[in-house]
1. Conditions first: (1) more than 17 Å from LEU273 (Cα to Cα); (2) open to solvent by less than 30 Å² (accessible area, probe 1.4 Å); (3) at pLDDT 95 or above. ASN80 passes all but one, so which condition is the exception?
2. Enumerate the pairs (first residue in the stretch 212-239 and farther than 26 Å from ARG67 by Cα; second residue anywhere and at pLDDT 95 or above and not basic (Lys, Arg)) with beta-carbon separation below 7 Å, excluding pairs fewer than 6 apart on the same chain, so at least 6 apart or on different chains.
3. Being of a type in the set (Gly, Ala, Ser) and in contact (Cβ under 8 Å) with a residue 24 or more places away in the chain is the filter here; which residues of the stretch 2-30 pass it?
4. Sort through THR211, THR151, THR120, THR147 and tell me the only one that's closer than 30 Å to ALA83 by Cβ and of a type in the set (Val, Ile, Thr).
5. Residue by residue through the stretch 25-58, note down the ones that are among the aromatic types (Phe, Trp, Tyr) and open to solvent by 50 Å² or more (accessible area, probe 1.4 Å).
6. Given the stretch 174-291, what helices (runs of 4 or more DSSP H) lie entirely inside it while holding 2 or more residues that are open to solvent by 50 Å² or more (accessible area, probe 1.4 Å), within 26 Å of LYS313 (Cα to Cα) and at pLDDT 95 or above?
7. For ALA113, are the conditions met, namely being touching a strand residue (DSSP E or B) at 6+ places or on another chain (Cβ under 8 Å) and aliphatic (A, V, I, L, M)?
Amino acid sequence: MPAHNAPLTPEFKAWVKENHAEIRRIMHTNTNGQAFFIEDRSGHEVTPEQRQALYEAAWAKGGLQFRGVFRDMLLDKSVNDTAAEFLKAKIRAIVKDPATAALLADIDHPYAAKRPPIDTDYFATFNRDNVSLVNVRAAPIEAITPTGLRTKDAEYPLDIIVFATGYDAMTGPLLKLNILGRGGQPLAKAWEAGPRNYLGLQVAGFPNLFTITGPGSPSVLCNMPVAIEQHAEWITGCIAHLRDRGLARVETTEAAMAEWVAKVNEAANVTLLPQAHHSWYLGANVPGKPRVFMPYAGGMARYRAICDAVTEKGYEGFVLSD
């Protein structure tokens with residue numbers, strides 16, 4: 001999707017300041033923590049002509065709001081297919097070389113089942129004379145040579161190689177800390193079959209360890225600052241609760257973790273998200289990493305309500321002790 005980045009106008013900045021409270025309310029009460037609501041309409045409720053007009057308007061506006069054109073875009077494959085075909089047609093219209101356009105439009109997952117990038121002239125870049133596209137799935141990289149890089153089909157002389165190989169999302173940073181729980185158990189051992197926790201906040205056997213926007217929380221499916229803010233406020237509220245009662249320890253239970261992991265899987269399976277088999281949401285970019293859908297796909301507003309209910313019930317699912 002195009003970003004349409006531009007200098008902020010004085011009028012827009014004034015509007016944001018005047019509507020700051022309402023913008024925050026929307027971000028805190030919607031599905032993805034963004035400053036807009038997903039439209040309450042199905043892709044099946046409009047004609048093909050109306051749908052095309054809605055997509056064109058969203059493309060012209062740019063940004064992530066394209067995902068909010070229909071409420072069932074990430075739930076119904078037939079609706080998602082209409083969005084995907086619209087975007088593929090845009091790629092073919094922008095990229096002049098048909099073979100390159102075909103490669104770029106050969107997308108193997110539903111739209112937004114992986115995080116959709118927001119770009120500035122990305123596809124237009126492939127129209128430059130000094131830019132070419134190599135499909136390394138069809139012709140894998142075999143070796144780095146003294147002069148460049150060799151694939152199965154050809155060798156390319158290069159001055160610079162930029163390694164953009166992805167990252168060990170959501171669990172990697174925590175596991176690299178070599179965190180040890182009760183009895184010296186490593187977190188890596190507790191998560192060897194995939195991350196298990198309660199609300200994305202705590203792991204049984206690791207008292208007083210809180211995780212921020214990690215696996216099991218909306219995190220990367222959401223506007224991250226909103227998710228971080230919610231977690232920080234919940235955690236500080238929990239710590240204040242302990243201090244007020246002279247308690248020193250909080251720890252979730254195995255039963256609470258098992259129930260929450262089931263809810264995370266259930267939420268993901270309602271959507272098209274698990275159909276992106278190469279996604280780092282699943283850990284698929286890290287060799288040997290368990291293939292588990294990690295973030296909570298039920299939405300930020302629902303997750304916030306779940307956490308608030310846990311608090312109101314005296315931190316249900318946690319054991320508080322001195």
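The values are calculated or read from the model by the stated rules, or taken from the named source; none is laboratory data. Fair warning: this is a prediction, and the values are worked out from it, not measured in the lab. FYI the Cβ positions are ideal-geometry reconstructions off the backbone, even for glycines, and counts take in every protein chain you see. Areas reflect the complete protein model, heavy atoms only, side chains present, ligands, DNA and RNA absent. Shrake-Rupley method; radii C 1.70, N 1.55, O 1.52, S 1.80 Å.
1. With respect to (1) more than 17 Å from LEU273 (Cα to Cα); (2) open to solvent by less than 30 Å² (accessible area, probe 1.4 Å); (3) at pLDDT 95 or above, ASN80 is out only on (1).
2. TRP234/CYS307; ILE235/PHE210; GLY237/THR311; CYS238/VAL250; CYS238/TYR315
3. If the condition is that a residue be of a type in the set (Gly, Ala, Ser) and in contact (Cβ under 8 Å) with a residue 24 or more places away in the chain, then ALA3 is the only one that fits.
4. THR120
5. Passing the criteria: only PHE37.
6. Per the criteria, 224-244, 254-270.
7. Considered against the rule, which asks whether it is touching a strand residue (DSSP E or B) at 6+ places or on another chain (Cβ under 8 Å) and aliphatic (A, V, I, L, M), ALA113 comes out as no.
This table checks each residue for (1) touching a residue at least 24 places away in the same chain (Cβ under 8 Å); (2) open to solvent by 40 Å² or more (accessible area, probe 1.4 Å); (3) of a type in the set (D, E, K, R); (4) closer than 16 Å to GLU39 by Cβ.
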{"site": "GLY62", "(1), (2), (3), (4)": "yes, no, no, no"}
{"site": "ARG67", "(1), (2), (3), (4)": "yes, yes, yes, yes"}
{"site": "THR100", "(1), (2), (3), (4)": "yes, no, no, no"}
{"site": "ASP119", "(1), (2), (3), (4)": "yes, no, yes, no"}
